[in-house]
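Peer 1: The following block contains the structure, expressed as C-alpha cells.
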Amino acid sequence: MKCYTVGVPFVLLVFLLSPLVFLAPVAFIACMVVGVNPIEAARLLWRVLTALRGTDVEVSKRNRTVLVHIS
Amino acid sequence: MNENRRKILEMLATGKITAEEADRLLAAMEKTPEGSASGNGTSSGPARKPQFLRVLVEDDGWKGPTKVNVRVPMQLLRAGVRLASLIPPEARDRVNAQLRREGVPFDLNQITPDNLEELVEHLDAFTLDIDEHNTKVRLFCE
C-alpha cells in the first residue's frame, strides 16, 4: 500500500490564506450591514484558523492512503 | 510522586497497613480517575479532557473499500460553535422559526459562550456508531 503524507505547517496555511486580507474591506462593510462586530468576527475567524493545528485527515482507497496533517 | 501513593507507602512503612492492603489500595487508586481520588475529600483537578473528535468511516462499496479517518482538535470545535454568535439577529429569528416548524424547539438566542463550553465539555462521553449495510461510521472523542 502506498502512503502519501502531507504535512501542512500552520505558517504555510496562513501564508496561503493571506490573499483573503484583500477582501477585508468587503467583509468589514458586510459586517456593518448585518450588525456584526467586525473585530469580534475577525477574532473568531483567527481562532478557528489557529485551532486547525493538530487536524488529521486520512483517506484510504484501494491501495492508496493520503494523510494530511496540519501542524 | 502522587500524594495518595505517598500516604499509602507511609502507612505501609509505619506498619499501619499490611503489604496486601497497600497493594489493594494502590490498585484501587490506579483504577480511580484522577481528581476524584484525593485523600482529603476535595478534588485535585478535573479529569483529563478529550483533545480530539474522531470520525471513522469505513465503506465497502462496489468501487472497493474506502476508509476515512478524521481527527479534529476540540479547540476547533469550540471555536466553530462560537461562530454561532456571529449569526445576525434577524437570521437567528428565521433559523428559530424554521427549527420550530421542523419540530425542534431550539432557541439560538439562548446560546451563550458558557452554554457552548458546557456543550463541548459534555461531548467527552459522546459516542456515535452507525452500522448500515456496507458502511460503518464511528464518532467519538479521545
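The values are calculated or read from the model by the stated rules, or taken from the named source; none is laboratory data. Since we're looking at a predicted model, the values are computed, not measured. With ideal geometry, Cβ positions are generated from the backbone for all residues, glycine too; neighbour counts draw on all protein chains shown.
Peer 1: Residue check, B:Asn115 against (1) away from chain A (no Cβ under 14 Å); (2) closer than 30 Å to A:Val34 by Cβ; (3) surrounded by 14 or more Cβ atoms within 10 Å (Cβ to Cβ), all met but one. Which one?
Peer 2: Checking B:Asn115 against (1) away from chain A (no Cβ under 14 Å); (2) closer than 30 Å to A:Val34 by Cβ; (3) surrounded by 14 or more Cβ atoms within 10 Å (Cβ to Cβ), the one that fails is (3).
Peer 1: Here is a check on your reading of the model: is A:Val48 within 7 Å of another protein chain (Cβ to nearest Cβ), among the hydrophobic types (A, V, I, L, M, F, W, C), without any contact (Cβ under 8 Å) to a residue 60 or more places away in the chain and part of a loop (DSSP other than H, G, I, E, B)?
Peer 2: Here the answer is no, as A:Val48 does not meet what is asked.
Peer 1: Restricting attention to the stretch B:124-138, report how many residues are surrounded by 13 or more Cβ atoms within 10 Å (Cβ to Cβ) and charged (D, E, K, R).
Peer 2: Residues in the stretch B:124-138 being surrounded by 13 or more Cβ atoms within 10 Å (Cβ to Cβ) and charged (D, E, K, R): 3 in total.
Peer 1: I would also like to ask the following. Is it the case that A:Gly54 is facing chain B (nearest Cβ under 10 Å) and more than 26 Å from B:Pro73 (Cβ to Cβ)?
Peer 2: Criteria not met by A:Gly54.
Peer 1: Being within 12 Å of the chain's Cα centre (by Cα) and in contact (Cβ under 8 Å) with a residue 40 or more places away in the chain, is that true of even one residue in the stretch A:53-64?
Peer 2: Checked against the condition, which is being within 12 Å of the chain's Cα centre (by Cα) and in contact (Cβ under 8 Å) with a residue 40 or more places away in the chain, the stretch A:53-64 yields at least one hit.
Peer 1: If you don't mind, another one. Can you spot a residue in the stretch A:13-24 that is at pLDDT 90 or above, surrounded by 15 or more Cβ atoms within 10 Å (Cβ to Cβ) and over 30 Å from B:Val68 (Cβ atoms)?
Peer 2: Checked the stretch A:13-24: no residue is at pLDDT 90 or above, surrounded by 15 or more Cβ atoms within 10 Å (Cβ to Cβ) and over 30 Å from B:Val68 (Cβ atoms).
Peer 1: Give me a count of the residues in the stretch A:57-71 that are more than 7 Å from chain B (Cβ to nearest Cβ) and out of contact with any Leu (no Cβ under 7 Å at 6 or more places or on another chain).
Peer 2: Looking only at that region, the number is 8.
Peer 1: Also, I was wondering about something else. Do we have any residue at all in the stretch A:35-44 that's away from chain B (no Cβ under 11 Å) and part of a helix (DSSP H, G or I)?
Peer 2: yes
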